[in-house]
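Single-structure report; data block below.
The values are calculated or read from the model by the stated rules, or taken from the named source; none is laboratory data. Everything numeric here is computed off the predicted structure, so don't read it as measured data. All Cβ positions, glycine included, derive from the backbone under ideal geometry; neighbour counts span all protein chains shown. To get the accessible areas, we keep the full protein, side chains included, count just its heavy atoms, and leave off ligands, DNA and RNA. Shrake-Rupley method; radii C 1.70, N 1.55, O 1.52, S 1.80 Å.
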Amino acid sequence: MSLKKTTWREMSGKQRGLTAVVGAAQVALTAAAFRDLVKRPADQVNGPKIAWGLALLVNWVGPLAYFAKGRTAS
C-alpha cells in the first residue's frame, strides 16, 4: 500500500481549514505545556524538567503525557 502525499494546493478548502485548526490546536497545547513546565517548581514535576521539556517536542503525545503524568498535585 502506497500513500500519496497531498500538497497544500491539492487540498480542498475544507481540508486546508481542518489542517490549520488541528495544527493550531497542537501548537497551543504544546505552548501551554511549556508555559506550565517553566512556571512550575521542580518539586511539583514528576522527573527532570529538562526531560519533560524534550518530551513536549513530540507531537501530541508529549504535551498530553505531561498534563496527565508529568505534574504532581499541588
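Brief remarks on what is shown
- Extreme residue, positive dipole direction of the chain, given options Gln44, Val21, Pro63 (C-beta unit charges): Val21
- Candidate lysines for bridging to Lys69, where Cα separation is under 18 Å - those fewer than 8 sequence places away on the same chain excluded: Lys39, Lys49
- When a 1.4 Å probe is rolled over the protein heavy atoms, the share of accessible surface on the chain that falls to carbon and sulfur comes to 66 percent.
- Between Met11 and Arg35, residue separation times 0.36 nm minus the direct Cα-Cα distance comes to 5.3 nm.
- Using C-alpha pairs below 8 Å separated by at least 6 residues, the relative contact order for the chain is 28 percent.
- Pairwise Cα inverse-distance average, inverted: Kirkwood Rh of the range 13-74 (Å): 12.2
- Lysines with Cα under 26 Å of Lys4, excluding same-chain neighbours fewer than 8 positions away: Lys14
- 0 to 90° range, to nearest 10: angle between helix 13-39 axis and the chain longest Cα axis: 10
- Å² of accessible area per residue within the chain, as computed with a 1.4 Å probe and no ligands counted: 76
- Placing +1 on the Cβ of every Lys and Arg and -1 on the Cβ of every Asp and Glu, with nothing else charged, gives the range 1-70 a dipole about its Cα centre of roughly 240 debye.
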